[in-house]
Amino acid sequence: MNSFVETARVTSKWQITIPKDVREQMGISIGDRVSFLVDGNKIILVTSLKAALEVVQDSMKGIADELGIKNDDDVQKLVNEVRYGK
């Protein structure tokens with residue numbers, strides 16, 4: 001895959017046109033859906049929800065070990081802590 005930089009202007013209706021080189025590189029066609037993954041001050045454009053999930057999973061590698069999560073019970077405990085402060 002080639003690496004390059006393209007720019008697009010935001011219109012008064014908050015729209016952008018995906019540059020031709022980007023569309024061709026990513027295989028984006030009329031009617032396709034794209035996802036915007038926001039990571040801090042970056043926006044990552046992905047062409048499928050599967051690709052978005054892969055980016056998120058890659059960015060979270062090692063977090064479970066850091067938090068001591070080893071099984072489903074540990075996940076549920078963390079969810080309860082976040083939701084209910086327990």
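The values are calculated or read from the model by the stated rules, or taken from the named source; none is laboratory data. Here the structure is a predicted model, which means the values were calculated and not measured. Cβ placement follows ideal geometry from the backbone for every residue including glycine, while neighbour counts extend to all protein chains displayed. These area figures cover heavy atoms from the full protein model, side chains too; ligands, DNA and RNA do not enter into them. Shrake-Rupley method; radii C 1.70, N 1.55, O 1.52, S 1.80 Å.
Scanning segment 26-83 for residues that are closer than 22 Å to Thr7 by Cα and polar (S, T, N, Q) yields a count of 5. The single condition among (1) in contact with a strand residue (DSSP E or B) (Cβ under 6 Å, 6 or more places away or on another chain); (2) open to solvent by 100 Å² or more (accessible area, probe 1.4 Å); (3) among the hydroxyl-bearing types (Ser, Thr, Tyr) that Ser35 does not meet is (2).
Among residues belonging to segment 38-50 that are touching a strand residue (DSSP E or B) at 6+ places or on another chain (Cβ under 7 Å) and in a strand (DSSP E or B), point out the one that is least open to solvent (accessible area, probe 1.4 Å).
If we filter segment 38-50 for residues that are touching a strand residue (DSSP E or B) at 6+ places or on another chain (Cβ under 7 Å), which is where we start, we get 43-46, 49.
Narrowing further to those that are in a strand (DSSP E or B): 43-46.
Details: Ile43: 120, Ile44: 53, Leu45: 59, Val46: 10 Å².
Checked segment 38-50; the qualifying residue least open to solvent (accessible area, probe 1.4 Å) is Val46.
If the condition is being open to solvent by 50 Å² or more (accessible area, probe 1.4 Å) and in a loop (DSSP other than H, G, I, E, B), then segment 13-26 contributes Lys13, Trp14, Gln15, Ile16, Thr17.
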